[in-house]
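S.K.: Please find one structure pasted underneath; my questions will follow.
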Amino acid sequence: MLQVKNLHVSVEGVEILKGINLEVKPGEIHAIMGPNGSGKSTLSKVIAGHPSYEVTSGEVTFDVNFEQKNLLDMEADERAKEGVFLAFQYPINIPGITNYDFLKTSFNSVCEYQGAPKLEDEEFKKLLNEKVKLVEMDPRFLTRPVNEGFSGGEKKRNEILQMAVLNPRLALLDETDSGLDIDALKIVSSGINKLHTKNNSVIMVTHYQRLLDYVVPDFVHVLSDGKIVKSGGKELALQLEKEGYDWVTT
Amino acid sequence: MNDTPIVDKEYKYGFTTDIAMEQLAKGLNEDVIRKISSIKDEPDWMLQSRLRSFKIWQKMTEPKWAKVNYEPVDYQDISYYSAPKSYVGMDKKGDKPKSLDDLDPELVKTFERLGISLNEQKRISGVAVDMVFDSVSVGTTNKEILDKYGVIFCSISDAIKKYPELVKKYYGSVVPATDNFFAALNGAVFTDGSFCYIPKGVTCPIDLSTYFRINAEETGQFERTLLVADEGSYVNYLEGCTAPMRDENQLHAAVVELIALKDAEIKYSTVQNWYAGDKDGKGGIYNFVTKRGKCVGQNSKISWTQVESGSAITWKYPSVILQGDNSQGAFYSVALTHDYMQADTGTKMIHVGKNTKSTIISKGISADKSSNVYRGQVKIMPSAEGARNYSQCDSMLVGDQSNAGTVPYIEVKNKTAILEHEASTSRLSEDQLFYLQSRGLSMEESISMLVNGFCKEVFKQLPLEFSVEAVKLIEMKLENSVG
């Protein structure tokens, strides 16, 4: 599904990722943990194609229908159309555009790229209704401008709604658990679990163990100073929770 | 982030028309004014009005309060009259081109390139267009249907001769020559423009439109538009403007007066796309325009909608005097500046009558090194019992070198008035674009969505085709500035 090889990334001349290697197979859930400033969010943004980051060396390839594609050659929107999805740590407001219009435009541009038929309002509403139930969202959110006046938790839930609508091959969840109370965390986690199949993959970037209680990872990687310093199974997260990051970074 | 622009921000209206012109020598004095008046075969009262305006202008100085910087204009270095020869020839015989079929093919081609196909216009009955080329109106389409309803729509030059009573009654009644420097100049040297009268109780069956085109070098365009909506009438009026790309700055100093009598409604929309100068700020139009409407009668309504996307300098404050009780005024504006453009634009709402209402929605987008200021005044006179105003001024910055400002003046002399003012400044950021792109929208679609969302309340005031054009225009101009 995804292969990251010896990835080096800089922002304004400062190297943030210093040789990342990561392989994610279909159906796998990976968790990336690490202290503040270790490069976790950078990694997810670079995979999704944020233009502010400069890849100085390394490769990121993505398998789509048995064909290997070089993600680094693509604009962010092409990556999205190929099935890469980034749930933002800080979702952005889009004044004047309703959530509904946004979701429909987004859904249809992905459909068009993948050669699937675009949906008209009637069919799209049906699809959307199901997805709204999945994240237990109040349908009134659909007629409000994207993320405007949403609480932190509502914004995060809205990200998962977008993920549900776009049905990505690879979902990158950047600190999706931050700012969620325990009820919202349960709803969001159950949404992620329902969307996860053996054909798609999830990379969760998180500080804390608590999300991993609900969405159980196959692999846990610890990032420190731009490098993966330790990888293991889900028990690694528990050990980190107990002993702190110093245990792996020093 | 993006080195190659997706769409070249080329000004596609920058061509010139090669056509024989009659042009007055540069300079401004009484003789020039007399000459203009005589070419136009005007009655003496009009000439006297021009000369009065000229005397007033001579005593005035150029306003300096706007936040715009430019080299002083040399008013003696401009030609004040320029017209296609073929047109002039016919006019001298006292015989303007009778039908659009008589127009010089070069002019027909020009307007076709501007997207106004005369042949098309003959078939499409949805809109009547008056075409102003440099100093003269070259033709008006769809006269027949307007005649049927008694709607008068012609060049102001024709109106002065054919409908002197109407013109005398309303000309200068909203914007007198004493109003400001540019209005006085316009009163002295205006060469053409549109005149429109909607009779009592008539809903104008089609939209009326004027297209202004500056073509000649070293000329200014000084047009005058007068629009009168008699009791209970309704009209939707559209205005578009373009000019060739030239290294010299050119002056456009227009005056537009709107009069709405009892129960009448005027909707006036502009898409202004004058040449804005090149990437280094060289050339472009100085757009110094006075536009004002007067809600004379009870329950009358005037709304201005403008999309200002061109001109090197914009100095423009479409205003409404709310004189009749229960009258309503509105101003909806999108002003986009890029490169070195400077815009100082806004409105004035003067509440005189009881229970008068005004709405101001202003959206400024500034990119590159441009400057974009909203300047607006809301004035509640002592007589304006129960007046209400709602103002919303939003600015969007693109990049980190542009600037935006909001300068509201509020003057309230009646305690029963209710005013609301909201303002915001935001930045069209790489993060916003990345967010939309990461949902599968291309760069173009993303810009379009952000701009559309930001300007939504204004665009929805425009007639549909105009609104589609406006969106495209703004997107095209922004694409180079973002990224």
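S.K.: Under the condition of being open to solvent by 20 Å² or more (accessible area, probe 1.4 Å) and not in a strand (DSSP E or B), which residue from region B:173-199 is farthest from B:Ser49 (Cα to Cα)?
M.R.: B:Pro199
S.K.: Right, here's the next one. Please work out if A:Asn93 is open to solvent by 40 Å² or more (accessible area, probe 1.4 Å) and more than 14 Å from chain B (Cβ to nearest Cβ).
M.R.: no
S.K.: Filter region B:322-340 down to residues that are surrounded by fewer than 23 Cβ atoms within 10 Å (Cβ to Cβ) and part of a strand (DSSP E or B), then give me how many there are. Even if it seems obvious, please write down each step before you answer.
M.R.: Just the residues of region B:322-340 that are surrounded by fewer than 23 Cβ atoms within 10 Å (Cβ to Cβ), to begin with: B:323, B:325-326, B:328, B:330, B:339-340.
Adding the requirement that they be part of a strand (DSSP E or B) leaves B:328, B:330.
So the count comes out to 2.
S.K.: On the basis of being buried (at least 20 other Cβ atoms within 10 Å of the Cβ) and not assigned by TED's automatic domain parsing to the domain that holds A:Leu127, does A:Asp77 make the cut?
M.R.: Numbers: buried (at least 20 other Cβ atoms within 10 Å of the Cβ): yes; not assigned by TED's automatic domain parsing to the domain that holds A:Leu127: yes.
Yes, satisfied.
Let's see how each residue does on (1) exposed (fewer than 14 other Cβ atoms within 10 Å of the Cβ); (2) modelled with pLDDT of 90 or more; (3) in contact with a Phe, Trp or Tyr (Cβ under 9 Å, 6 or more places away or on another chain):
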site	(1), (2), (3)
A:Gln162	no, yes, yes
A:Ser178	no, no, yes
A:Gly191	no, yes, no
A:Lys194	yes, yes, no
A:Lys227	no, yes, no
A:Gly233	yes, yes, yes
A:Thr249	no, no, no
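S.K.: When only residues in region B:404-449 that are open to solvent by less than 60 Å² (accessible area, probe 1.4 Å), in contact (Cβ under 8 Å) with a residue 24 or more places away in the chain and in contact with a Leu (Cβ under 8 Å, 6 or more places away or on another chain) count, which is farthest from the other protein chains (Cβ to nearest Cβ)?
M.R.: Result: B:Ala404.
S.K.: Next up: Can B:Val151 be described as of a type in the set (Val, Ile, Thr), open to solvent by less than 10 Å² (accessible area, probe 1.4 Å) and over 22 Å from B:Pro84 (Cα atoms)?
M.R.: It is true that B:Val151 is of a type in the set (Val, Ile, Thr), open to solvent by less than 10 Å² (accessible area, probe 1.4 Å) and over 22 Å from B:Pro84 (Cα atoms).
S.K.: Among the residues of region A:104-123 satisfying the criterion of being touching a residue at least 40 places away in the same chain (Cβ under 8 Å) and not polar (S, T, N, Q), which is farthest from the other protein chains (Cβ to nearest Cβ)?
M.R.: First pass over region A:104-123, keeping only residues touching a residue at least 40 places away in the same chain (Cβ under 8 Å): A:106-107, A:110.
Filter once more, keeping what is not polar (S, T, N, Q): A:107, A:110.
Working: A:Phe107: 8, A:Val110: 4 Å.
That would be A:Phe107.
S.K.: Scan region B:271-290 for residues that are without any contact (Cβ under 8 Å) to a residue 40 or more places away in the chain and open to solvent by less than 20 Å² (accessible area, probe 1.4 Å) and jot them down. Before you say what the answer is, go through the steps one by one.
M.R.: To start, the set of residues in region B:271-290 that are without any contact (Cβ under 8 Å) to a residue 40 or more places away in the chain comprises B:282-283, B:287.
The answer is B:Gly283, B:Asn287.
S.K.: Test A:Val84 against the stated conditions and say whether it is within 14 Å of chain B (Cβ to nearest Cβ), over 16 Å from A:Asn6 (Cα atoms) and modelled with pLDDT of 95 or more.
M.R.: It is true that A:Val84 is within 14 Å of chain B (Cβ to nearest Cβ), over 16 Å from A:Asn6 (Cα atoms) and modelled with pLDDT of 95 or more.
S.K.: Looking at (1) basic (Lys, Arg); (2) more than 30 Å from B:Tyr197 (Cα to Cα); (3) open to solvent by less than 10 Å² (accessible area, probe 1.4 Å), can you tell me which one B:Lys316 breaks?
M.R.: Every listed condition holds for B:Lys316 apart from (2).
S.K.: Determine whether region B:456-469 contains at least one residue that is open to solvent by 50 Å² or more (accessible area, probe 1.4 Å) and β-branched (Val, Ile, Thr).
M.R.: For region B:456-469, residues open to solvent by 50 Å² or more (accessible area, probe 1.4 Å) and β-branched (Val, Ile, Thr): present.
Rundown of residues vs (1) away from chain B (no Cβ under 12 Å); (2) among the aliphatic types (A, V, I, L, M), yes/no style:
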{"residue": "A:Asn147", "(1), (2)": "no, no"}
{"residue": "A:Gly152", "(1), (2)": "yes, no"}
{"residue": "A:Ile160", "(1), (2)": "yes, yes"}
{"residue": "A:Asn167", "(1), (2)": "no, no"}
{"residue": "A:Lys186", "(1), (2)": "yes, no"}
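S.K.: Among the residues of region A:223-243, write down those that are of a type in the set (Gly, Ala, Ser) and under 26 Å from A:Val9 (Cα atoms).
M.R.: Matches in region A:223-243: A:Ser224, A:Gly226, A:Ser231, A:Gly232, A:Ala237.
S.K.: Do we find that A:Lys126 is more than 22 Å from the chain's Cα centre (by Cα), more than 12 Å from chain B (Cβ to nearest Cβ) and of a type outside the set (Asp, Glu) in this structure?
M.R.: yes
S.K.: Among the residues of region A:196-212, count how many are open to solvent by 40 Å² or more (accessible area, probe 1.4 Å) and either at pLDDT below 90 or touching a strand residue (DSSP E or B) at 6+ places or on another chain (Cβ under 9 Å) (or both).
M.R.: Looking only at that region, the number is 4.
S.K.: Could you check how many residues of region A:1-24 are among the charged types (D, E, K, R) and exposed (fewer than 14 other Cβ atoms within 10 Å of the Cβ)? So that I can check it myself, show each step before the final result.
M.R.: Restricting attention to region A:1-24, the residues satisfying the condition of being among the charged types (D, E, K, R) are A:5, A:12, A:15, A:18, A:23.
After this cut, where a residue has to be exposed (fewer than 14 other Cβ atoms within 10 Å of the Cβ) as well, the list is A:12, A:23.
Count: 2.
S.K.: Quick one: count up the residues across region A:28-68 that are more than 14 Å from chain B (Cβ to nearest Cβ) and in a helix (DSSP H, G or I).
M.R.: Residues flagged as more than 14 Å from chain B (Cβ to nearest Cβ) and in a helix (DSSP H, G or I) within region A:28-68 amount to 2.
S.K.: Of these, A:Tyr214, A:Tyr208, which one is touching a helix residue (DSSP H, G or I) at 6+ places or on another chain (Cβ under 9 Å), of a type in the set (Ser, Thr, Tyr) and closer than 24 Å to A:Glu130 by Cα? Lay out the reasoning, then the answer.
M.R.: Numbers: A:Tyr208 fails: closer than 24 Å to A:Glu130 by Cα.
A:Tyr214 is the lone residue from the list that is touching a helix residue (DSSP H, G or I) at 6+ places or on another chain (Cβ under 9 Å), of a type in the set (Ser, Thr, Tyr) and closer than 24 Å to A:Glu130 by Cα.
S.K.: Let me ask another. Among (1) modelled with pLDDT under 90; (2) touching a Ser or Thr at 6+ places or on another chain (Cβ under 6 Å), which single condition is B:Ile56 missing?
M.R.: The number of the failed condition is (1).
The values are calculated or read from the model by the stated rules, or taken from the named source; none is laboratory data. This structure is a prediction, so every number in the text was calculated from the model and none was measured. We place every Cβ from the backbone using ideal geometry, glycine too, and count neighbours over all the protein chains shown. Please note that ligands, DNA and RNA were not included when accessible areas were found on the heavy atoms of the full protein model with its side chains. Shrake-Rupley method; radii C 1.70, N 1.55, O 1.52, S 1.80 Å.
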